[in-house]
Amino acid sequence: KKHMGFFNNLFKKKDEEHIHEKRRNLTRELMDNLNTTDFADIQKAAKQQPHLPFFQDIKNKEEFQARNEISRLAALMAADDMDFVEACKEIIEHADKGLKINPNSAYLLYFRGRSKGDLGQLKDGLKDLDKCLKIKPDYADAYVERGYIRQKMDNISGAKNDYEKGVHFDSSLQQQVNSYLNKKGNKDNMVIPSGITFKIIVNPSLTENHQKGLRY
């Protein structure tokens with residue numbers, strides 16, 4: 001039985017590795033196809049989805065490719081298909097490339113800021129998110145991520161203010177805010193006003209890195 005358990009676990013691990021590798025390859029193929037898109041078609045898609053941050057204010061095809069790579073890394077992270085820290089580092093690298101082309105991209109500043117925050121570069125992450133919100137004052141996700149960085153810096157009043165703004169612009173972020181508040185056990189004194197909140201129970205529990213990945 002011990003030997004069978006060992007081999008079952010071994011095969012299971014190989015199957016999981018195969019699934020992760022397969023998804024990495026599939027997302028790479030998808031991104032390669034998207035990267036061949038004509039810039040005129042990209043601009044057309046942007047006009048059709050004016051409120052989607054991904055498409056807002058893209059300067060050229062190279063910036064579009066940088067955004068594509070960030071979205072691919074975020075998807076892999078959410079599916080637990082790559083290491084969380086490595087994904088954050090790569091997101092920052094691609095955001096840097098895009099920001100050289102378009103220094104005022106709220107989308108790129110948002111992803112670079114939150115990724116720096118997740119790597120513990122709190123002041124730099126805060127700086128990026130500050131700039132992001134000056135460019136796009138209704139960027140709900142950016143408020144929540146800035147609030148999370150402020151929470152980690154023990155700026156509780158600042159965090160609460162950002163969380164409230166984030167939920168104001170997008171009430172679906174309430175559950176994410178709750179998960180951040182629970183990390184410090186201070187939910188009781190930082191209640192964010194909202195409508196109905198749904199909680200999903202996952203069994204087995206998600207790893208902490210997997211929970212972080214799902215935020216992306």
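Quick look at the numbers
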item: Residue match in region 167-175 (condition: part of a helix (DSSP H, G or I), open to solvent by less than 40 Å² (accessible area, probe 1.4 Å) and in contact (Cβ under 8 Å) with a residue 60 or more places away in the chain); result: no
item: Number of the exception - ASN104 against (1) open to solvent by less than 30 Å² (accessible area, probe 1.4 Å); (2) under 21 Å from PHE169 (Cβ atoms); result: (1)
item: Lone qualifier among LYS100, LYS89, LYS59, LYS131 - being out of contact with any His (no Cβ under 8 Å at 6 or more places or on another chain), of a type outside the set (A, V, I, L, M, F, W, C) and farther than 24 Å from ASN35 by Cβ; result: LYS131
item: Subset of region 72-95 [under 17 Å from PRO53 (Cα atoms) and open to solvent by 10 Å² or more (accessible area, probe 1.4 Å)]; result: ARG72, ALA75, HIS94
item: Given (1) in contact (Cβ under 8 Å) with a residue 24 or more places away in the chain; (2) open to solvent by 60 Å² or more (accessible area, probe 1.4 Å); (3) on the phi < 0 side of the Ramachandran plot, number of the condition LYS123 does not satisfy; result: (1)
item: Region 20-71, residues that are assigned to a loop (DSSP other than H, G, I, E, B) and either in contact with a Leu (Cβ under 9 Å, 6 or more places away or on another chain) or within 24 Å of ALA140 (Cα to Cα) (or both); result: GLN49, PRO50, HIS51, LEU52, GLN56, ASP57, ILE58, LYS59
item: Which numbered condition ASN60 fails, given (1) without any contact (Cβ under 8 Å) to a residue 40 or more places away in the chain; (2) loosely packed, with under 14 Cβ neighbours inside 10 Å; result: (1)
item: Residues of region 119-133 that turn out to be in contact with an Asp or Glu (Cβ under 9 Å, 6 or more places away or on another chain) and not hydrophobic (A, V, I, L, M, F, W, C), as a count; result: 1
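The values are calculated or read from the model by the stated rules, or taken from the named source; none is laboratory data. Please read all numbers here as calculations on a predicted model, not as lab measurements. Here the Cβ is made from the backbone with ideal geometry for all residues, glycine too, and neighbour counts use every protein chain on show. Surface areas here come from the heavy atoms of the whole protein model, side chains and all, with no ligands, DNA or RNA. Shrake-Rupley method; radii C 1.70, N 1.55, O 1.52, S 1.80 Å.
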